[in-house]
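These notes concern the structure reproduced below.
The values are calculated or read from the model by the stated rules, or taken from the named source; none is laboratory data. Computed from a predicted model, the values in this text were never measured in an experiment. Note that each Cβ is placed from the backbone with ideal geometry, even for glycine, and that neighbours are counted across all protein chains shown.
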Amino acid sequence: MMRQRGFTLIEVLMASAATGVVIVAATAFMLKGLSWYDELSAKVEMNRHAREAFDLLAYGGRSASTGKDGTKNIYSLHGMKAAPPGGLRSNLGALQYTSNKLTLTTDQFSTMTIACTGAGAPVPDCKSNKGPGSSLSVGGWIGSDIKLDGGPKSVNNRTVAATFVITDAFEAQRAVAPALFSDTYRAVFTLNRDEDDPH
Amino acid sequence: MHSSNSARQGGFSLIEVLSASMILSIFITAIGACWISADRQINALVLRQKAVFVASSEMERVTTLYNTTSFAQSGPVTTTGYDGPAYLPATRLIYPTPLTPYSGGPASDFTTTASAGFQTGDAFQVYISNQLLPALNRAFVWIDQSQGVMARVSWTTTAITPAACVVGSDGCGCLAPSGVFSAQCQRLDLYLEYPYRFVAGVPVADGTLKTVTLSTLVGRHT
């Protein structure tokens, strides 16, 4: 009869240690993989919404109106005769032309409440982690007021420089590094372009 | 029966366990590498999106200059020595520095600079790296200022022949830079090459350059 030889204690301990190392590494990779997945998904979405915001600034407002109310020149940055003096955004994140209260809501999601952890964190609009401004109600992807510069760098007073921030508020509020979920985009638009104002 | 069962109870040897662990580790590392690769691809996609925005922006500025000022007559500076793919021209136009007002424009149409202040300056400034050697003259703009990523902007113009329409008819025709009706618009091809990094005040190509190309027609409007 063959002798039933089992594992020695050393063999079992070494195999366990080796397997443990692999399991720990696998777990770390999986957790990192989930984190990466969230980050990649957010970047794809932010990129898409940046494109959307760009199109809304350039053309969207025009198509959001019937164009029959006698104010056809203010429906998009391309159609404006001058840069609006205020920011372009509603308090819920949808684009809004403060000059005519035209609100574009295609980039909205369900309104959610963000608990601020400090100035600019986890989303750019946060003011402080206590008192007024410590809690925000957000419903869109526009992270802060769209800045318009129609000043001295405007070409012949015919262009306006627009800077906008796209934020994934849902991911930002649960992220260790919330800055990953806000990104700044810049573009220049020509005002009052003939093709945007057909006669 | 008892004897044959005992013979099968060999279990795994230490070598077998370690080999399996090693194979599993390689597998996990490969998955990690895939994630890192995906991360890079997405970052490249986001950067390209920003580059397209910048290219569109530069096209807006250049076309407005061509369409509403006499910039086309005396503004652009010819530069040579572009070493991109063969189908891209080696000689192109860039902004002059400084860009003085053209044809009744305001005191500063917009700002160009050749100083290191560009690093912390306005995102919409144009940085001219060198005005001494045409082959080294290049105009740069920010793609992502927070990440220090820049792009090189240039363009070419070609007179469109034959004329596309009857001279002077309504809604048709283009003014020459001099302001005379010529009915000969220009085809403008704009090139934006990226990524560059601003290192010690000098833009340095960061790996293989990619080019965004946009085209439009320009000519002064009446």
Practice item. Consider A:F7 carefully, then state whether it is surrounded by 11 or more Cβ atoms within 10 Å (Cβ to Cβ), at the interface with chain B (Cβ under 7 Å from one of its Cβ atoms) and assigned to a loop (DSSP other than H, G, I, E, B). Key: yes
Practice item. Filter region A:110-133 for residues that are in a loop (DSSP other than H, G, I, E, B) and within 10 Å of A:A169 (Cα to Cα) and give the result. Key: A:P122, A:V123, A:P124
Exercise for review: Could you figure out which of (1) of a type in the set (A, V, I, L, M, F, W, C); (2) assigned to a helix (DSSP H, G or I); (3) modelled with pLDDT under 90 isn't true of A:A172?
Suggested key: (3)
Review point. How many residues does region B:123-159 contain that are closer than 16 Å to B:D189 by Cβ and loosely packed, with under 15 Cβ neighbours inside 10 Å?
Key: 2
Review point. More than 7 Å from chain A (Cβ to nearest Cβ), of a type in the set (V, I, T), outside any loop (DSSP other than H, G, I, E, B) and farther than 30 Å from A:E39 by Cα, is that true of B:V62?
Key: yes
Point to revise | Enumeration of residues in region B:65-99 that are polar (S, T, N, Q) and not in a loop (DSSP other than H, G, I, E, B) | key: B:N67, B:T68, B:Q73, B:S74, B:T78, B:T79
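Residue-wise test of (1) closer than 30 Å to A:T159 by Cα; (2) more than 9 Å from chain A (Cβ to nearest Cβ); (3) in a helix (DSSP H, G or I).
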{"residue": "B:F12", "(1), (2), (3)": "no, no, no"}
{"residue": "B:I26", "(1), (2), (3)": "no, yes, yes"}
{"residue": "B:T29", "(1), (2), (3)": "no, no, yes"}
{"residue": "B:G32", "(1), (2), (3)": "no, no, yes"}
{"residue": "B:Q49", "(1), (2), (3)": "yes, no, yes"}
{"residue": "B:A55", "(1), (2), (3)": "yes, yes, yes"}
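Residue by residue through region B:132-146, note down the ones that are hydrophobic (A, V, I, L, M, F, W, C) and part of a strand (DSSP E or B).
Answer for region B:132-146, where residues must be hydrophobic (A, V, I, L, M, F, W, C) and part of a strand (DSSP E or B): B:A139, B:F140, B:V141, B:W142, B:I143.
Which ones in region A:136-149 are in a strand (DSSP E or B) and within 16 Å of A:E171 (Cα to Cα)?
Initially, region A:136-149 is screened for residues in a strand (DSSP E or B), giving A:136-138, A:142, A:147-149.
Answer for region A:136-149, where residues must be in a strand (DSSP E or B) and within 16 Å of A:E171 (Cα to Cα): A:L136, A:S137, A:V138, A:I142.
Among the residues in region A:180-190, are any of a type in the set (S, T, N, Q) and more than 9 Å from chain B (Cβ to nearest Cβ)?
Yes, the conditions are met somewhere in region A:180-190.
Residues of region B:14-24 being surrounded by 15 or more Cβ atoms within 10 Å (Cβ to Cβ) and either charged (D, E, K, R) or more than 8 Å from chain A (Cβ to nearest Cβ) (or both), which ones?
Correct list: B:A20 only.
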Review point. What is the number of the single condition among (1) touching a residue at least 24 places away in the same chain (Cβ under 8 Å); (2) on the phi < 0 side of the Ramachandran plot; (3) surrounded by fewer than 19 Cβ atoms within 10 Å (Cβ to Cβ); (4) not aromatic (F, W, Y) that B:S37 does not meet?
Key: (1)
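Every residue, every condition in (1) under 17 Å from the mean Cα position of the chain (by Cα); (2) within 24 Å of B:C34 (Cβ to Cβ); (3) β-branched (V, I, T); (4) modelled with pLDDT under 65, yes or no:
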| position | (1), (2), (3), (4) |
| --- | --- |
| A:G33 | no, yes, no, no |
| A:E52 | yes, no, no, no |
| A:R62 | no, no, no, yes |
| A:L88 | yes, no, no, no |
| A:T106 | yes, no, yes, yes |
| A:F109 | yes, no, no, no |
| A:T113 | yes, no, yes, no |
| A:D125 | yes, no, no, no |
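Of everything in region B:45-65 that's over 14 Å from B:V153 (Cβ atoms) and touching a residue at least 40 places away in the same chain (Cβ under 8 Å), which residue is surrounded by the fewest Cβ atoms within 10 Å (Cβ to Cβ)?
Here the residue is B:R48.
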